[in-house]
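The values are calculated or read from the model by the stated rules, or taken from the named source; none is laboratory data. The structure presented is a predicted model; accordingly, all values stated were derived computationally and were not measured. Virtual Cβ from ideal backbone geometry, glycine too; neighbours counted across all protein chains shown. Calculation scope for accessible area: heavy atoms of the full protein, side chains included, ligands and nucleic acids excluded. Shrake-Rupley method; radii C 1.70, N 1.55, O 1.52, S 1.80 Å.
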Amino acid sequence: MLRKLLFLGFCLGFPFYLSLPIFALVYSVDMVIDKVGGETSLLDYPVGIALDEVQGRVFVSDWGGNRILVFGKDGQLLRKIPGLKNPAGIAVDHKRKRLLVAEQKANRVVIFDLDTLTLQGSLKVRKKPLSEPRGIWVAEDGTVYVADTGQSRIVVFGENGEEMFSFGREGMGDDEFYHPRGVALDPSGNLWVVDTLHHCVKVFDGHGRYLFRFGDGLNQPKYVTFFGNFAFLSDYRNHRVLVYDLAGKLQGSIGEEEQLFSFPEGLFIDGMGKLWVADAGNNRIVRIDLGYLVRPVEYLKVLLAEGRMQEFSRVFEHLSPEVKKNPEVGCLLFEFYRKKGDLEASISQAEELFLSDEKGRSEWKRVLGKLYAEKGYKLFEEGSAEGARDFFLRSFQYGRFASIFPYLFVSLLHGGGEYVWILVLLVLFGVLLLVYVRLRAEQERRWRRW
């Protein structure tokens, strides 16, 4: 106790110059489309969903109502396209100004003009007609991929709408399916096929060559879509949407804990990070804000400001490695550790930012000087004088000059220390200064007497 009092007294006497289980992802439901005006039941088992972000329209294939419904992004009904036979998958092709719809019971994929929504024709097959097609995907180059569900195969069409080739058949092999529903290209150009009644997803290269599969715990998955390095999959009979990385590793779930969905089908994610879900069993469309995927810095700032520390940790855990390398995100993680009072993690994060953030390096050096001093005081109070001395020295070396005094004090008490000789010089200087002051005072008294 005496040693601590001496230590504090000594320091105060000198001026100081200077974060495989399934995780529920963070999200919020910000809109539900289920009624318009006085209608009590607008939708009748919606299956497919796609957005025209240029004109701000939402297309929904109302499977039970045999029609396409067109909504504004505010959920207001704009138009109905009736007369279809159980429309399922739906896709928007902005570049070629077309809307494609897999018309299940008509055994075809029809094409509408995207501006006028008038029927233009259908995709042209070469030999075998389609049988109850369900899923559809349009690539950037205009290639169209169709899940020909009734024949358990994938049919690929060119930009002109004519069949190029097909692959797959009914069976248990890697390149065989059993009533596939969803089909989509990932950002790497690989084709994901949702093999619904085999309860898995199979991934192929652009030429239809099998790569890998995954799907532990799935129960009749239906459709898949992508956003960045994330894949979103509707796990139909488990009433949830699952999130994977591009290697098929499970990252989290949406709606499972809250029992939000009932037999979810089609999915679409817009440019603002909004996930649109065809919640078929509930006869509605649910829009979910996953804004942290596109605005991670702003989202994390809000969580920190509101003190939602657990949610901050969960969101940060699911950010991509590229986003985590952002210095601004690193600063928020540092602030998170400081608010938690985790000194060790704060030091580690500051050290990482000191090395990686070139523009802010001088500031992180100053911060580290302060943190090392804080660690030194903590160690001294815990009785670890040697560790305290090392951190005070490190603090001094990182520009916190005031840390030399506690360093010298600890060194004097316990011996050793690279800068003990400075203390000796300071003491000698102090003695000489005291002698000089006394001599001057004595000389001044003599002059006054004279």
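Brief remarks on what is shown
- When segment 57-100 is filtered for residues that are in a loop (DSSP other than H, G, I, E, B) and either farther than 24 Å from residue 234 by Cα or aliphatic (A, V, I, L, M) (or both), the ones remaining, listed by number, are 76, 82, 83, 84, 94, 95, 96, 97.
- Only one of the listed residues (4, 97) is modelled with pLDDT of 90 or more and open to solvent by 50 Å² or more (accessible area, probe 1.4 Å). That residue is 97.
- Qualifying residue in segment 71-85 (condition: in contact with a Ser or Thr (Cβ under 9 Å, 6 or more places away or on another chain) and farther than 16 Å from residue 162 by Cα): yes
- Among residues of segment 96-140, those that are in contact with a helix residue (DSSP H, G or I) (Cβ under 7 Å, 6 or more places away or on another chain) and not basic (Lys, Arg), counted: 3
- Look at (1) within 33 Å of the chain's Cα centre (by Cα); (2) over 19 Å from residue 92 (Cα atoms) and you find that residue 146 fails only one, number (2).
- Per-region count, segment 282-307, residues modelled with pLDDT of 90 or more and either surrounded by 18 or more Cβ atoms within 10 Å (Cβ to Cβ) or out of contact with any helix residue (DSSP H, G or I) (no Cβ under 9 Å at 6 or more places or on another chain) (or both): 8
- Hey, residue 42 farther than 20 Å from residue 282 by Cα and surrounded by 17 or more Cβ atoms within 10 Å (Cβ to Cβ) or not: no
- Residue among 90, 49, 81 that alone is touching a Lys or Arg at 6+ places or on another chain (Cβ under 7 Å), buried (at least 19 other Cβ atoms within 10 Å of the Cβ), at pLDDT 95 or above and not aromatic (Phe, Trp, Tyr): 81
- The single condition among (1) within 21 Å of residue 177 (Cβ to Cβ); (2) open to solvent by less than 20 Å² (accessible area, probe 1.4 Å) that residue 211 does not satisfy is (2).
- Pairing each residue of segment 97-110 that is more than 13 Å from residue 61 (Cβ to Cβ) with any residue that is open to solvent by 30 Å² or more (accessible area, probe 1.4 Å) and in a strand (DSSP E or B), provided the two are 6+ apart or on different chains, yields C-beta distances under 6 Å for 108/122.
- Within segment 29-46, the residues that satisfy the criterion of being part of a loop (DSSP other than H, G, I, E, B) and either over 27 Å from residue 136 (Cβ atoms) or at pLDDT 90 or above (or both) are 35, 37, 38, 39, 40, 43, 44, 45.
- Residue within segment 128-142 that is open to solvent by 20 Å² or more (accessible area, probe 1.4 Å), polar (S, T, N, Q), in contact with a Phe, Trp or Tyr (Cβ under 8 Å, 6 or more places away or on another chain) and at pLDDT 95 or above present: no
- Residues of segment 250-281 that are open to solvent by less than 30 Å² (accessible area, probe 1.4 Å) and small (Gly, Ala, Ser): 252, 253, 255, 262, 266, 273, 278, 280.
- Qualifying residue in segment 277-288 (condition: in contact with a Lys or Arg (Cβ under 7 Å, 6 or more places away or on another chain) and within 24 Å of residue 216 (Cα to Cα)): no
- Selection of segment 158-178 for residues being open to solvent by 60 Å² or more (accessible area, probe 1.4 Å) and assigned to a loop (DSSP other than H, G, I, E, B) yields 159, 160, 169, 172, 174, 175, 178.
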